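This report refers to the structure that appears directly beneath it.
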Number of protein chains: 2
Amino acid sequence: MLTKSTIKLVQSLQDKKHRKEQSLFVAEGEKIVSEVLASKIKVKTLFATSLWLQNNAINVHKTIECIVVDEKQMKQLSAQPSPPQVLVVCMIEQVELPLNIKGTTLLLDTIQDPGNMGTIIRIADWYGITRIICSENSADVYNPKVIQASMGSFTRVALCYTRISDFIKRHAAIPVYGAMLQGKSLYDVSLKPDCMILIGNEGNGISKELIPLITNPICIPKRGGAESLNAAIAAAIICDTWARSVS
Amino acid sequence: MLTKSTIKLVQSLQDKKHRKEQSLFVAEGEKIVSEVLASKIKVKTLFATSLWLQNNAINVHKTIECIVVDEKQMKQLSAQPSPPQVLVVCMIEQVELPLNIKGTTLLLDTIQDPGNMGTIIRIADWYGITRIICSENSADVYNPKVIQASMGSFTRVALCYTRISDFIKRHAAIPVYGAMLQGKSLYDVSLKPDCMILIGNEGNGISKELIPLITNPICIPKRGGAESLNAAIAAAIICDTWARSVS
């Protein structure tokens with residue numbers, strides 16, 4: 001049965017503070033929940049309409065607590081404009097900093113828009129990039145808007161929050177690609193299979209303290225009038241160039 | 001002086017119906033307004049704080065009606081979470097369908113998210129693509145969220161709304177690139193300088209009726225687990241490939 005205190009708990013998880021206190025987060029919607037259920041993420045409670053449960057019971061592990069809710073109750077639990085058929089409360093597990101960083105690592109320097117953060121996670125997942133290091137002031141991966149924009153890709157990409165400069169220095173042998181005005185055209189560059197790709201903040205670009213740590217400045221050649229590209233768009237084009245280089 | 005009826009008019013322009021009736025739209029914020037003032041767009045009224053006017057009067061043509069407002073009034077006019085220093089009400093001018101389509105034309109098939117639409121306009125502008133043809137059920141370019149996400153690029157890109165199939169048939173000699181699962185890898189394709197790039201809907205992809213009109217099916221090679229890419233991200237990668245091909 002759905003109690004008032006449960007509704008309150010689920011609603012509170014829209015705030016980072018409460019997610020941290022409870023070590024819990026929310027994922028919503030059929031597509032995203034199906035990805036969560038197929039992943040290693042531990043689901044504490046699943047809330048669903050009776051119809052969803054009828055059709056999907058086979059995918060729900062016996063140990064998961066299931067609560068049947070009606071549309072009105074789902075509306076109370078959900079952070080979405082139109083309430084979904086299913087919503088899960090999951091455990092946040094501490095992600096350890098990777099030691100072996102074969103392949104590409106994305107470094108996100110102060111990406112603050114949750115939509116951008118989620119979109120970048122989805123891009124990483126598309127290109128088979130499974131590691132993202134975020135500066136501590138970046139958007140929280142468990143923010144409902146990040147979860148939504150990532151379309152389930154957060155289940156396959158490990159995100160860590162740490163000081164990016166320390167991380168780069170710890171792996172000094174690995175080239176660091178970063179977009180800068182005076183960088184080399186991406187069309188003339190072949191990215192190394194093992195590398196780091198540094199993406200700067202939406203408004204301010206790459207932090208001053210990180211610029212000297214870029215070993216390979218690159219740029220996306222511009223042909224028209226726009227002053228800049230959105231951070232997620234820049235990330236996509238650089239990741240695509242990496243994929244071209246190694247394929 | 002700012003009257004109640006003016007406030008009501010500006011607020012009403014958040015709705016497409018009223019924008020159409022009045023042939024007016026709103027643009028907000030220093031960056032976007034500066035692009036509007038530098039463009040051919042006709043500004044009817046400019047609302048600004050006295051500070052903004054002091055610093056920017058030189059860029060405002062004498063014929064533009066200027067109304068000084070305080071922060072509280074700006075909050076009433078603005079559709080943004082934090083009210084800007086300046087906001088303009090502009091005339092909507094009918095854009096004629098292009099006859100000569102040298103270079104690239106983007107075709108947007110039912111792009112419904114205003115954020116995606118604005119981001120795609122910004123991408124087009126970055127790559128020097130000045131023509132976008134949208135299906136009639138696509139997001140309205142004058143939606144405040146589109147204007148915002150385009151970051152001023154809507155001043156340099158001409159958008160027309162029409163039946164895409166008719167447009168393609170009228171220019172039958174021009175190749176049409178469209179992303180499809182069984183398409184040729186973008187990494188093995190050189191896009192023609194004169195071409196059309198067809199971008200499908202966020203959830204459903206390219207409409208059934210348009211698929212037979214794609215002359216060159218392409219695909220963005222996938223290496224990881226994500227099922228798909230966001231429509232704006234796909235548009236960016238295809239436009240970038242076009243730019244690589246012609247540069």
Separation of the A:Ile211 and A:Glu30 label points, Cα + 7 Å toward Cβ, nm
5.0
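If you put +1 on each Lys and Arg Cβ and -1 on each Asp and Glu Cβ, how big is the dipole of the range A:181-247 around its Cα centre, in Debye rounded to 20?
On the way: 6 positive and 6 negative charges, 36 e Å.
Here the range A:181-247 has a charge dipole of around 180 debye.
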Lysines within cross-link reach of A:Lys192: Cα-Cα under 30 Å, excluding same-chain residues under 8 positions apart?
A:Lys102, A:Lys169, A:Lys184, A:Lys208, A:Lys222, B:Lys184, B:Lys192, B:Lys222
Listing of the range B:101-134 residues, each with accessible area lower by at least 40 Å² in the full protein assembly than in the chain alone (probe 1.4 Å):
B:Arg122, B:Trp126, B:Tyr127
Residue by residue through the range A:139-154, which ³J(HN,Hα) values in whole Hz follow from phi under the Karplus form 6.51 cos²θ - 1.76 cosθ + 1.60 (θ = phi - 60°), with glycine and proline marked x?
4, 7, 4, 8, 4, x, 6, 5, 3, 5, 5, 6, 6, x, 5, 4
With the label set 7 Å along Cα→Cβ, A:Gln14 is separated from its counterparts in the other copies, in nm and shortest first, by 1.7
Probe 1.4 Å, protein heavy atoms only: A and B together bury a total accessible area in Å², to the nearest 100, of 3100
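So with the 1.4 Å probe, I'd like the accessible area per residue for the protein assembly as shown, rounded to whole Å².
On the way: 23560 Å² over 494 residues.
Heavy-atom accessible area per residue stands at 48 Å².
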Give the distance, in whole Å, between the Cα centre of the range A:147-161 and the Cα centre of the range B:12-42.
36
Starting from the 7 Å offset along Cα-to-Cβ, what nm value, one decimal, do you get for the label separation of A:Ala173 and A:His18?
4.8
Quick one: Cα centre-to-centre distance for the range A:43-64 and the range B:179-247, in angstrom?
37
How big is the antiparallel share of DSSP beta bridges in chain B, given as a percent to the nearest 5?
30
Straight distance only, please: which lysines reach the Cα of B:Lys17 with their own Cα at less than 21 Å, same-chain residues fewer than 8 apart left out?
B:Lys4, B:Lys8, B:Lys42, B:Lys44, B:Lys145
If amide H atoms are modeled at 1.01 Å from N in the peptide plane, then the residues at a separation of 5 or more from A:Ala158, or on another chain, having amide H under 5 Å from its own are A:Arg131, A:Ile132
Can you tell me, using C-alpha contacts under 8 Å and at least 6 residues apart, the relative contact order of the range B:104-246 as a whole percent?
29
For the range B:4-91, what log10 I(q)/I(0) values come out of the Debye formula at q = 0.12, 0.21, 0.24 1/Å, with one point per alpha carbon and no solvent?
-0.31, -1.01, -1.32
How charged is the neighbourhood of B:Ile133? Take every other residue with its Cβ under 13 Å from the Cβ of B:Ile133, and add Lys/Arg as +1 and Asp/Glu as -1.
0
Provide an ascending nm list, one decimal, of label-point separations from A:Ser165 to the equivalent residue in each further copy; define each label point as 7 Å from Cα along Cα→Cβ.
6.0
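Pop the C-beta distance of A:Tyr187 and A:Val95 into the FRET formula with R0 = 45 Å and round what comes out to the nearest 0.05. Can you show the working numbers first?
Working: r = 35 Å, r/R0 = 0.77.
Efficiency, from the Cβ-Cβ distance: 0.80.
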The range B:1-138, dipole about Cα centre (Lys/Arg Cβ +1, Asp/Glu Cβ -1), debye to the nearest 20
260
Simple SL model, points at 7 angstrom along Cα→Cβ for A:Asp194 and B:Ser165; separation in nm is 5.4
Percent antiparallel among DSSP beta bridges confined to the protein assembly as shown, nearest 5, equals 30
In range of the label at B:Glu65: residues from the range B:1-26 whose backbone nitrogen is under 16 Å from the point 7 Å along Cα→Cβ:
B:1-13, B:22-26
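Where a ≥ b ≥ c are the square roots of the eigenvalues of the C-alpha gyration tensor, would you call the range B:1-156 rounded, which needs a/c under 1.5, or, failing that, prolate if a/b is larger than b/c, or oblate? Mind dumping the intermediate values first?
Values: a/c = 1.99, a/b = 1.65, b/c = 1.21.
Because a/c hits 1.5 or more and a/b exceeds b/c, the range B:1-156 counts as prolate.
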Where the accessible area of chain A is counted over protein heavy atoms with a 1.4 Å probe, how much of it, in %, is carbon and sulfur?
51
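From the helices alone, meaning DSSP H stretches of at least four residues, give me the mean residue ellipticity at 222 nm for chain A, per-run term -39500 (n - 2.57), in deg cm²/dmol to the nearest 500. If you can, show how the numbers build up before the last one.
Numbers: 9 runs with 81 residues, N = 247.
That comes out to -9500 deg cm²/dmol.
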Mind giving me the FRET efficiency for A:Lys75 and A:Ser39? R0 is 22 Å, r the Cβ-Cβ distance, nearest 0.05 is fine.
0.25
From the residues A:Cys66, A:Phe154, A:Val246, which one has its Cα farthest along the dipole of chain A in the positive direction, the dipole being from +1 and -1 charges on Cβ of Lys/Arg and Asp/Glu about the Cα centre?
A:Cys66
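The values are calculated or read from the model by the stated rules, or taken from the named source; none is laboratory data. Keep in mind the model is a prediction, meaning the values are calculated, not measured. Here Cβ is always computed from backbone atoms with ideal geometry, including for glycine, and neighbour counts include all displayed protein chains. Protein only, heavy atoms only, side chains kept; ligands, DNA and RNA dropped before computing areas. Shrake-Rupley method; radii C 1.70, N 1.55, O 1.52, S 1.80 Å.
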